[in-house]
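This report refers to the structure that appears directly beneath it.
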Amino acid sequence: VAIIMDGNGRWARARGRPRTTGHLAGARTVRRTVEAAARLGVGALTLYAFSGDNWRRPSAEVEALMRIFRRYLAGEVSRCVENGIGLTVIGRRDRLPTVLVGAIEAAERETAGGRRMRLRIALDYSARDAILRAAGGASADGALTREGFAERLAAASHDEGSSPDVDLLIRTGGEKRLSDFLLWECAYAELHFTPRLWPDFSAGDLEDALRVFARRDRRFGGLSSAVAG
Ligand code: IPE
Ligand code: IPE
Ligand code: MG
């Protein structure tokens, strides 16, 4: 499952509050959602927290977000360890504040034993950049398989192993677009768009999305199992 967590700014604005208030509320939703996902048996959860294009926002908002990410990581590690959650961060690291990179590395190290659910937070992430980095030099290896490319893609985003295919992509906040998130991995993803703003997203909303997903007929280009008999 992957989630584009959108709508923090609009949530704050509706309350006459600064956008940062929305991001703080969004961080609380992350905590809730991670616990709900683990409880519901999700194997891997990838959350889009900051895109490569979000650097275009005013520096005060970017700085506030970086502080929130650092505090979130520092505060969540013990909870992740308790719940058997292995946390990793995907995306570029060279543009992030040094203290945040330190917090990322500590969180990854301390939660490395978590096997119940894989939690990936996408920070300064751009699918196009990851694909470009993975493709750079790939031709030197001769014929590259899809599996081989997925491994390169993971490495290009600081991830381990192979970048897993997304089964269900959820986007909150009402927009129906991917905003440069997991383009390769979403080739056959089921897409679930909800108008709910991210701070209002609940465990029940996640359950609803999973229920709808369970009813989808995934054909992968073949025939429906009902037809193929
Ligand atoms: C998502 O909420 C959080 C980030 C992109 C960091 P937004 O900040 O995009 O909220 P809206 O879309 O302006 O409501
Ligand atoms: C996508 O949301 C990025 C994250 C949720 C982190 P944006 O709010 O940045 O996307 P656009 O600008 O509406 O496409
Ligand atoms: Mg947005």
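The values are calculated or read from the model by the stated rules, or taken from the named source; none is laboratory data. As the structure is a computational prediction, the values presented were derived from the model and not from experiment. Positions of Cβ are generated from backbone atoms using ideal geometry, with glycine treated the same way; all protein chains shown enter the neighbour counts.
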Kindly indicate whether any position in segment 135-142 is touching a strand residue (DSSP E or B) at 6+ places or on another chain (Cβ under 9 Å), aliphatic (A, V, I, L, M) and more than 16 Å from ligand 1 (Cβ to nearest atom). no
Members of segment 43-64 found to be touching a strand residue (DSSP E or B) at 6+ places or on another chain (Cβ under 6 Å) and more than 15 Å from ligand 3 (Cβ to nearest atom), listed by number: 44, 45, 46
Contact list please: Cβ distance under 6 Å, first residue in segment 193-220 and touching a residue at least 12 places away in the same chain (Cβ under 8 Å), second residue aliphatic (A, V, I, L, M) and within 16 Å of ligand 1 (Cβ to nearest atom), pairs at least six apart or on different chains. 198/5; 199/25; 209/170
Just to be sure before I move on: is residue 89 touching a residue at least 24 places away in the same chain (Cβ under 8 Å), among the β-branched types (Val, Ile, Thr) and part of a helix (DSSP H, G or I) in the structure I sent? no
The listed residue being within 14 Å of ligand 2 (Cβ to nearest atom) and in contact with a Gly (Cβ under 7 Å, 6 or more places away or on another chain), out of 197, 178, 182: 197
Residue under question is residue 30, and the condition is that it be closer than 19 Å to residue 207 by Cα, within 16 Å of ligand 2 (Cβ to nearest atom), out of contact with any His (no Cβ under 6 Å at 6 or more places or on another chain) and among the β-branched types (Val, Ile, Thr); does it hold? yes
Can you tell which of 137, 148, 142, 161 is modelled with pLDDT under 95, surrounded by fewer than 16 Cβ atoms within 10 Å (Cβ to Cβ) and closer than 18 Å to residue 1 by Cβ? 161
Does segment 59-81 contain at least one residue that is under 27 Å from residue 195 (Cβ atoms), surrounded by fewer than 20 Cβ atoms within 10 Å (Cβ to Cβ) and free of Cβ contacts under 8 Å to residues at least 40 places away in the same chain? yes
Restricting attention to segment 1-21, which residues are within 14 Å of ligand 3 (Cβ to nearest atom) and within 18 Å of the chain's Cα centre (by Cα)? 3, 4, 5, 6, 7, 8
Answer residue from segment 164-175, given it is in contact (Cβ under 8 Å) with a residue 60 or more places away in the chain and more than 14 Å from ligand 2 (Cβ to nearest atom) and is surrounded by the fewest Cβ atoms within 10 Å (Cβ to Cβ) among those: 164
Taking segment 191-212 and keeping residues buried (at least 16 other Cβ atoms within 10 Å of the Cβ) and away from ligand 3 (no atom under 16 Å from the Cβ) leaves 192, 205, 206, 209, 210
